[in-house]
């Protein structure tokens, strides 16, 4: 059956190594048996992330597309998202019943935003090991994303991060917008994130 | 022997060989990859966007039209033209900055432009001069027509700020391009009605832009320099 509204497009942004691909992998495992979905994975210089997802067999190979962005990962999701728009069209043509496309960015700083032309919802990821001061920087990615995910909570004691204080800072920076603390590798928090996608994204 | 049209063209082309094509020069100077750091300035827009005063394409269009017709771009037009005809007004240009950071923007972009001219274009320009002053002097040096200079200057200035909005609001690239097209006509309209402006007409009445540029100086989290 064709999906007349088109698929929900969700952007996943975050610094390199914060766990974007782990989140993508976990969401695929969690949702792909229920809904028709695809992944577009942006990567700098390589398509390693897309290949990782293929090897992990979280989705059939033809539902994963790698996009190489050269040296400008933000440009490709923000002010000139043409190569990603083409990838979205390709996926929509291949799978007319598509309900969800996850668009993973190639690694961002805190100024990153997704073009409203490319995605309907944005998830931004930070991780505890980046340091407790990240939420206090209050940049657009922290303040404006639809959902903020704080990953690798289990590492807090090893990197001298007071998780309660960090949660206070996140709460203040988000000013009422939702956030999730979790561990993508251990599936902790995935339920909340997919509930958010289902309720906010209407899938 | 009588010269044909083709002979004349060959003579002109030979003479022109020593002169670089002005349109190619302008394309380089006003490209977003020209390293004067123009991407780093939001001209008060960041403060307005963060304060929820600018949210969409129509807000951006209104702001930029006011900047062009009543704000510092109107002054820049007069300054560029005056320097082009030989007026030595660098101090006046610097004194017209409406806030501390606008002053820094003028000087820093001037310094970057002057360094590139010296390092790569074999042109030495006067120290501690504003961007507008430098670029007008350089245009004269390279035989660039004022009409071409001013159009490239205004269009690239506006495009640059549209790009700030595309990134920071954020706004779609489609809306960004609709605005760029709109400003081709707006700039022509501005030029048609401004050709008689001289130095005695400098002044602005774009208060929201000036006030938010000053507010921007004290934002607690900033992406842009102004």
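Here are some notes:
- Calculated on the Cα set of segment A:1-82, radius of gyration then Dmax: 13.1, 39 Å.
- Distribution of pairwise C-alpha distances over segment A:136-203, 10 Å bins, in %: 19, 47, 31, 3
- Helix-only mean residue ellipticity at 222 nm for the protein assembly as shown, each DSSP H run of n ≥ 4 adding -39500 (n - 2.57), per residue, nearest 500: -15500 deg cm²/dmol
- Each residue, residue A:133 and residue A:155, gets one label point 7 Å from its Cα in the Cβ direction; the gap between the two is 1.8 nm.
- Rg ratio (alpha-carbon, reference 2.2 N^0.38 Å) - segment B:130-178: 1.47
- Computed E for residue B:124/residue A:46 - FRET, C-beta separation, R0 56 angstrom, nearest 0.05: 0.80
- For the residues of A:143-152, the average number of beta carbons from a partner chain within 10 Å of their own beta carbon is 1.
- Förster radius 45 Å - calculated FRET efficiency between residue A:171 and residue B:33 (Cβ-Cβ, nearest 0.05): 0.65
- Look at the stretch B:168-178: the mean tally of other chain Cβ atoms within 10 Å of its residues' Cβ atoms is 5.
- Normalised by the number of residues in chain A, the mean separation of alpha-carbon contacts (under 8 Å, six or more apart) gives a relative contact order of 26 percent.
- Contour minus Cα-Cα distance for residue B:160 and residue B:53 (0.36 nm per residue): 36.6 nm
- Helix axis angle, B:72-84 relative to chain B longest principal axis, alpha carbon, degrees: 20
- Length-normalised contact order of chain B in % [C-alpha pairs under 8 Å, at least 6 apart]: 37
- Relative contact order, percent, segment A:78-157 [alpha-carbon distance under 8 Å, six or more residues apart]: 31
- Each residue, residue B:95 and residue B:146, gets one label point 7 Å from its Cα in the Cβ direction; the gap between the two is 2.2 nm.
- Against the empirical curve 2.2 N^0.38 Å, the C-alpha radius of gyration of segment A:53-125 lands at a ratio of 1.12.
- When the inverse distances between all different Cα atoms of segment B:82-226 are averaged and flipped, the Kirkwood radius reads 17.1 angstrom.
- Projecting label points 7 angstrom from Cα along Cα→Cβ for residue B:215 and residue A:199 puts them 3.3 nm apart.
- Axis angle, to the nearest 10 degrees, between helix B:207-216 and the longest C-alpha principal axis of chain B: 70 degrees.
- The Cα-based radius of gyration of chain A, divided by its Kirkwood radius, gives an Rg/Rh of 0.95.
- Calculated P(r) tail over 14 Å for segment A:29-73, as whole % of Cα pairs: 47
- The protein assembly as shown: C-alpha gyration tensor shape, a/c 1.5 cut-off, then a/b vs b/c: prolate
We did not get these values from a lab; they are worked out from the coordinates using the rules stated. Here the structure is a predicted model, which is why all the values come from computation and not from measurement. For neighbour counting, all protein chains shown are included, and Cβ atoms are generated from backbone atoms with ideal geometry for every residue, glycine included.
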